[in-house]
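*Asks:* Below you will find the structure I want to go over with you.
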Amino acid sequence: MERLPLFISIGAFLAWVFVALGFDKKLSSAARGIGLGLSLVQLGSAVWATYRIFSETGGVHWSGVWFSLGSGTVFELNFNVDPITVVMWMGLSLFASIEAYFAFLSQIKGAPSQLRGESVALPILGTGALCALSSGNFISYYFGWALIAVAAFMAVSFSEPNREDRSSASFRYFILSVIPEVLFVAGMLGCYASYGTMSFGELNSKVATLNPAWAIYLLVAGTMLRNLQIPFMQNVRYLASAKEASNPIFFMGHAIVSSILFAKIYPAIAATDGIQYFIAVPAITAIAAAVLALPEQDPSMIVGLLVSYVCASVFMSGLSGAFQAAHALALNGALGAFLLAATITNFSEEKRGTRWFLGAATLVMTGLPITGWGWARYLEYVGFVHNDSLQSWFRWIVFGTKILADILMAIALWGLVRERWLDRQGRDGGLRFEVLSPLAILCLSCLAISTGGRLLGGMVGSTDLSAMPNLSWFERLIVPPAGMTRSVTSSYDLIGSDTDITARVLVGAAFLIPALLSGLWFFRDKKSLEEFREGCRNIVAKLGVAPGTNQNSILWVWILKPLHNWVGRGAAFFDSRVVDVIVADIWARPARFIRNVFMFIERAIIDKRLVDGLAESISVIGRSLRLVQNGQVQFYFAVGLILMGAVVIKFVVVGG
Amino acid sequence: MIPHILSAIVFLPLLGALFVLLVPSEDQKLHRYIALMISFVTFVLSCLLVANFNHSEPGIQFVENVEWITSLKISYFLGVDGLNIAFIPLTSLLFLLCIISSWDRGTGLKGYFSLFLMLETTVLGTFAAQDMFLFFAFWEAALLPIYFMIGVWGNEKREYAATKFFLYQLAGSALLLLGMLAIYYIVEPHGFSLVDLAGGKFTSARIDIGGRSLGVEHLVFILMLLGFAVRLPVVPLHSWFPHVQAEAPPALAVVLAAVFIKTAAYAIVRVNYALFPEAASWFAYVMAVAGVVNIIYGGICALGQRDIRRLVAYGCVSHMGFVLLGLGIFSATAFHGAFLQMVSHGIYTGLLFFLVGILGARSGQFDITTPAGENGFGGLVSKAPLLTGFFTVAVFSTLGVPGLGAFPSESLVFLGAFPFHRFLTVIGLAGVFLTAGYLMWMYRKVFLGTVGEGSAHVTDVTAREQVFLIPLVILSVFAGTYPTPLINLAQPTINHVLNSLGKEAK
């Protein structure tokens, strides 16, 4: 029983692949209907798995030998689902079902058909993501890693396969995915060679003897680069292309790959010296992603940057020792980013539901404390404050950078809402603006509450979260599996405690009430909707947070613009055009040169000199022999005489 | 159990070739059916052979040993063990599929099919022979049908390619013959039986050259290795291969890449490792280095190709580097990886060359990009989705995506090699990146983007073509997801070989 939900789920995904393959190029409604049915089957299996785990009737795990070499190497597939992964599984299944449902509906309504390749990509992605998140060893994890890359490539390639930009995007995406893969595989081999195991559990149990740590460094570096951290953040552009392929579940897959490895082998990662200093990479990525998102006009690009930012958050928490936070951020970030991506993909100004979803997703991703992302942020900041493994000054620089990135990303997301919905609704005479503006204020206030609460609430404490009594249902989700603990997480006992809640309420009230009151005061004399709207526009323009608005504002001139310019220089590394040039200079050109050298060796030396030269010399010998074999008797006679003369000289004159 | 089943498998295609030759040239339909029937029966017999193979036994089975030339101690000695058993059904299946793929060839079917069936006999014989003279006879005999098939049914530069092929192979064979004669005269009593010669009989033998005493074992080992290296092909003795693959008819290109070059990799283990264990240990590092050179050199050269056939051919050179690397590491893991790579490479490369042949037949050209840099094909995904689908499987199999062809084999090679030669292994890993580079570039240029001129007349895969493509797709998935049967077939023998090399199977 403990393996059945997993098998059903993977089986349903794979069956879906075959259904998509088995139907016409333009998938019929029957194919999509079956796909929907299969997605519901695997959603059911995810629900069952969740029930088993949380009702403590049993876990979900399976391990089996894939293939072995007798007494030697064993390739074992190992899947183990814990409370964190089962929730991600639920999310994955849910969204796959939604995707199938929308695809089915669009088919029924006569919307343009999806190509078969794209439809195959979705369940492959689901299989890969499920393999990665439930993996219990490197083999199972790598299975998921590779399948996600393949599915992403297919999703980008086959959505509109005749578009040159799309084929270019998929090609670059895949190539950039392979570079970290080489690092990752080298790390995996290193782990196996150094510690003699592929199992996450066994690796974690060898924390005390982890030496050398380079294999772990390679794993971390590979995973970070794969997941949109610098210098491969430019992949965000291709993520955006992938998202256009009506495949927002893609984001989920990437978030899983980025975070789940940290969750799985955190004790091993944390036991290495110096790994914490890798934290600079996600810190720069987070601030760069947020700053780049500010002036960005393309919503899908903003979501791409958001995913990069989420992955950076996960990495930062993981590297700073707050692995509970890393789990929670991965889970909630993936869900939130997915929600946002799905909303943008299916966004329509005419559809009320999608408008509300956009607002809700933005609320989630800007850190509303009642949402998972808010909770995760809380844990993240507590982790930062109490991270003893980092130099103090370094810790605070990183922490400050992250908070700034959080705020800027929130502004960017609300800029997206304003751009996509509020302004247009205003022009169309819609009537949601007055509701949403206070909501925006509320959300930003919540961010402040959350931040303040974290700072106050997480200052003291000494025990581990897993030992905390009376865990709420949500807190149980973010409690890591037993044994994956570290002393640096010592302040988590405050979470959910009276002190914590009081601190949050106080800080919240301190921010929220003045914010609401000032908002009411500001709009007190606005009588009509048009005036109200105008007032809001003025606020946004004064803040100067969106392109095309007042860029002479103090905020823009003194803070955002220098920041943008400063990061902008670094951000050049994330610009695909700039990266193209750099890649051309440091990789493509030398590679081309080496290739030309090899081709020269191939043609001019091996073929021309060696082979043709050998053939030529044989030919010369042949021609020489022909000269000798000229068929004239007197010539042979003369040669015979010379030879005889030589023999006489050798044996008679000189002496034998 | 059928008596003399191994002889039946080896010589049935030759018999078929004679039947084909006896049928008048005009009766092309009969040529086709004879070739199909014979190759099908051969394949069925091969399956029966595998079904009755005792995979817990490391020794040679299905032995057929009859004295042939008594005075020279030459025997007609056939047999299979874990090293060669998998190649018998693989070879017979690929020949069967090739015959199906050649079904609609227009003219000259009599010569084409008779030569093709002769080639099948020689390749199967090379794998099955346990007498060195017999092995050499089959090894050499394979050259003639290939030479004529390239020369007569090849592409534009077929004469050049055929000549080059023949000269290269002949040069390799000369070295092989020299080594073989040295072995014959050194060992007392003289003989050619690979079973009798195995076990380090040459370790103490020495020869005086210019006043210096040299170990015969090392000398002969290198001579024979060079002979095999030409066929494998090992850089820098490889340059015949891309030429030949570009000019050979598609079915022959499949056979050459999928099984013909594997005879050399197999022979390294069967002859060199079995006969010269000490020299093998002494030379192992060089082989591993040569493997990595093959991986990188082949990959980079593939990046520079505009012709899809040459690109895939250089890819083969690169992938045979994994085999060499695995054979250069005396661990069971790497050895199994090399063995699996030989088999799975035969499957997915066969698929790839079939598809390249289909593409060329449809479009009449093979240029991925024109000399001016424009796309030769482009946008085929919308013109021929099934063809794209098959290509996708072949490309991802070659890339080593988990669950497909190359994954278990390459993983085992890297896993086995890493503890011994970390630096070499990491360089070899770069081959994965190179493979992704050239294959995905080709994929993008041919199948994605706007529809190019070369794609204008490309139609999708027909039902007959699916008949020979689908089995290879299934086998590629099978080799990638469930390699256990293949491992089980080879394991006892590989462990035995490693033990004879003085290495623990680990």
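The values are calculated or read from the model by the stated rules, or taken from the named source; none is laboratory data. Here the structure is a predicted model, which means the values were calculated and not measured. Glycine also receives a Cβ, built like all others from the backbone with ideal geometry; neighbour counts cover every protein chain displayed. Ligands, DNA and RNA are excluded from the accessible area calculation, which covers all protein heavy atoms including side chains. Shrake-Rupley method; radii C 1.70, N 1.55, O 1.52, S 1.80 Å.
*Asks:* Any residue in the stretch A:148-162 that's more than 8 Å from chain B (Cβ to nearest Cβ) and assigned to a loop (DSSP other than H, G, I, E, B): show its pairings with residues that are at pLDDT below 85 and surrounded by fewer than 24 Cβ atoms within 10 Å (Cβ to Cβ) at Cβ separation under 6 Å, as long as the two are six or more apart or on different chains.
*Replies:* Short answer, once both residue conditions are applied: A:Glu160/A:Arg166.
*Asks:* For B:Val473, indicate whether it is within 12 Å of chain A (Cβ to nearest Cβ) and at pLDDT 90 or above.
*Replies:* Working: within 12 Å of chain A (Cβ to nearest Cβ): yes; at pLDDT 90 or above: yes.
Spelling it out, B:Val473 is indeed within 12 Å of chain A (Cβ to nearest Cβ) and at pLDDT 90 or above.
*Asks:* A further question on this structure: When the stretch B:466-485 is examined, which residues are found to be part of a helix (DSSP H, G or I), of a type outside the set (Phe, Trp, Tyr) and buried (at least 22 other Cβ atoms within 10 Å of the Cβ)? Let's see the steps before the verdict.
*Replies:* Taking the stretch B:466-485 as the starting set, the residues that turn out to be part of a helix (DSSP H, G or I) are B:466-481, B:484-485.
If we keep only those that are of a type outside the set (Phe, Trp, Tyr) too, we end up with B:466-467, B:469-477, B:479-481, B:484-485.
Within the stretch B:466-485, B:Leu469, B:Leu472, B:Ser476, B:Ala479, B:Gly480 meet the criteria.
*Asks:* Is there a residue in the stretch B:428-447 that is closer than 21 Å to A:Ser157 by Cβ, more than 7 Å from chain A (Cβ to nearest Cβ), out of contact with any Phe, Trp or Tyr (no Cβ under 7 Å at 6 or more places or on another chain) and β-branched (Val, Ile, Thr)?
*Replies:* Yes: one or more hits.
*Asks:* Now a separate question. So, B:Gly350, is that one more than 23 Å from B:Ala248 (Cβ to Cβ) and open to solvent by less than 10 Å² (accessible area, probe 1.4 Å) or not? Walk me through how you get there before you give the answer.
*Replies:* On the way: more than 23 Å from B:Ala248 (Cβ to Cβ): no; open to solvent by less than 10 Å² (accessible area, probe 1.4 Å): yes.
No: the conditions fail for B:Gly350.
*Asks:* Give me the residue from the stretch A:192-216 that is open to solvent by 10 Å² or more (accessible area, probe 1.4 Å) and within 14 Å of chain B (Cβ to nearest Cβ) and, out of that set, nearest to A:Ala289 (Cα to Cα).
*Replies:* That would be A:Trp214.
*Asks:* Same structure again: Only residues that are touching a strand residue (DSSP E or B) at 6+ places or on another chain (Cβ under 8 Å) and buried (at least 22 other Cβ atoms within 10 Å of the Cβ): list them for the stretch B:135-144, please.
*Replies:* Across the stretch B:135-144, the qualifying residue is only B:Phe135.
*Asks:* For the stretch A:12-26, how many residues meet the condition of being within 12 Å of chain B (Cβ to nearest Cβ) and either modelled with pLDDT of 80 or more or surrounded by fewer than 23 Cβ atoms within 10 Å (Cβ to Cβ) (or both)?
*Replies:* The first filter runs over the stretch A:12-26 and keeps only residues within 12 Å of chain B (Cβ to nearest Cβ), leaving A:14, A:17-18, A:20-26.
Subset that is either modelled with pLDDT of 80 or more or surrounded by fewer than 23 Cβ atoms within 10 Å (Cβ to Cβ) (or both): A:14, A:17-18, A:21-26.
Qualifying residue count, the stretch A:12-26: 9.
*Asks:* Can you tell me which residue in the stretch A:164-177 is least open to solvent (accessible area, probe 1.4 Å), limited to those that are in contact with a helix residue (DSSP H, G or I) (Cβ under 9 Å, 6 or more places away or on another chain) and without any contact (Cβ under 8 Å) to a residue 24 or more places away in the chain?
*Replies:* Our first condition is that a residue be in contact with a helix residue (DSSP H, G or I) (Cβ under 9 Å, 6 or more places away or on another chain); within the stretch A:164-177, this holds for A:165-177.
From the residues that got through so far, the ones that are without any contact (Cβ under 8 Å) to a residue 24 or more places away in the chain too are A:167-168, A:171, A:175.
Working: A:Ser167: 2, A:Ser168: 25, A:Phe171: 37, A:Ile175: 25 Å².
Only one residue tops the list, namely A:Ser167.
*Asks:* Across the stretch A:182-191, what is the number of residues that are surrounded by 21 or more Cβ atoms within 10 Å (Cβ to Cβ) and within 7 Å of another protein chain (Cβ to nearest Cβ)? Walk me through it before giving the result.
*Replies:* So in the stretch A:182-191, the residues surrounded by 21 or more Cβ atoms within 10 Å (Cβ to Cβ) come out as A:183-191.
Within this subset, residues satisfying the condition of being within 7 Å of another protein chain (Cβ to nearest Cβ) are A:185-186, A:189.
Total satisfying the criteria: 3.
*Asks:* How about the stretch B:366-383: which of its residues are in contact with a Leu (Cβ under 9 Å, 6 or more places away or on another chain) and part of a loop (DSSP other than H, G, I, E, B)?
*Replies:* Filtering the stretch B:366-383 down to residues in contact with a Leu (Cβ under 9 Å, 6 or more places away or on another chain) leaves B:366, B:368, B:377-382.
Of everything in the stretch B:366-383, those that are in contact with a Leu (Cβ under 9 Å, 6 or more places away or on another chain) and part of a loop (DSSP other than H, G, I, E, B) turn out to be B:Phe366, B:Ile368, B:Phe377, B:Gly378, B:Gly379.
*Asks:* Can I ask one more? Quick one: which of B:Trp103, B:Trp68 is over 19 Å from B:Phe138 (Cβ atoms) and touching a residue at least 40 places away in the same chain (Cβ under 8 Å)? Can you show your working first?
*Replies:* On the way: B:Trp68 fails: over 19 Å from B:Phe138 (Cβ atoms).
Unique residue meeting the criteria: B:Trp103.
*Asks:* Now a separate question. Which residues, taken from the stretch B:177-205, are exposed (fewer than 14 other Cβ atoms within 10 Å of the Cβ) and either within 29 Å of the chain's Cα centre (by Cα) or among the charged types (D, E, K, R) (or both)?
*Replies:* Answer for the stretch B:177-205, where residues must be exposed (fewer than 14 other Cβ atoms within 10 Å of the Cβ) and either within 29 Å of the chain's Cα centre (by Cα) or among the charged types (D, E, K, R) (or both): B:Leu181, B:Glu188, B:Gly199.
*Asks:* So which residues in the stretch B:414-450 are among the β-branched types (Val, Ile, Thr), in a helix (DSSP H, G or I) and open to solvent by 10 Å² or more (accessible area, probe 1.4 Å), if there are any at all?
*Replies:* Taking the stretch B:414-450 as the starting set, the residues that turn out to be among the β-branched types (Val, Ile, Thr) are B:425-427, B:432, B:435, B:446, B:450.
Restricting the remaining residues to those that are in a helix (DSSP H, G or I) gives B:425-427, B:432, B:435, B:446.
Listed by number, the residues that qualify are B:Val426, B:Ile427, B:Val432.
*Asks:* So for the stretch A:179-202 (the condition being closer than 26 Å to A:Trp16 by Cα, part of a helix (DSSP H, G or I) and out of contact with any Pro (no Cβ under 8 Å at 6 or more places or on another chain)), does at least one residue qualify?
*Replies:* The answer is no, given that none of the residues of the stretch A:179-202 is closer than 26 Å to A:Trp16 by Cα, part of a helix (DSSP H, G or I) and out of contact with any Pro (no Cβ under 8 Å at 6 or more places or on another chain).
*Asks:* Now, a different point. In the stretch A:140-163, what residues are open to solvent by 10 Å² or more (accessible area, probe 1.4 Å), within 17 Å of A:Asn78 (Cβ to Cβ) and touching a strand residue (DSSP E or B) at 6+ places or on another chain (Cβ under 9 Å)?
*Replies:* A:Tyr142, A:Phe143
*Asks:* Can you name every residue in the stretch B:393-411 that is within 7 Å of chain A (Cβ to nearest Cβ) and crowded, with 24+ Cβ neighbours inside 10 Å?
*Replies:* B:Phe396, B:Pro408 - these are the residues of the stretch B:393-411 that are within 7 Å of chain A (Cβ to nearest Cβ) and crowded, with 24+ Cβ neighbours inside 10 Å.
*Asks:* So, one more: Taking the residues in the stretch B:146-167 that are open to solvent by less than 70 Å² (accessible area, probe 1.4 Å) and outside any helix (DSSP H, G or I) as candidates, determine which candidate is nearest to B:Leu119 (Cα to Cα).
*Replies:* Residue satisfying both the conditions and the ranking: B:Gly154.
Every residue, every condition in (1) closer than 25 Å to B:Leu475 by Cα; (2) open to solvent by 10 Å² or more (accessible area, probe 1.4 Å); (3) within 14 Å of another protein chain (Cβ to nearest Cβ); (4) at pLDDT below 90, yes or no:
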{"site": "B:Ser331", "(1), (2), (3), (4)": "no, no, yes, yes"}
{"site": "B:Gly346", "(1), (2), (3), (4)": "yes, no, no, no"}
{"site": "B:Gly379", "(1), (2), (3), (4)": "no, no, yes, yes"}
{"site": "B:Phe391", "(1), (2), (3), (4)": "yes, no, yes, no"}
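*Asks:* Continuing with this model, one more query. Across the stretch B:448-470, what is the total count of residues that are more than 11 Å from every other protein chain (Cβ to nearest Cβ) and closer than 24 Å to A:Val150 by Cβ?
*Replies:* 4
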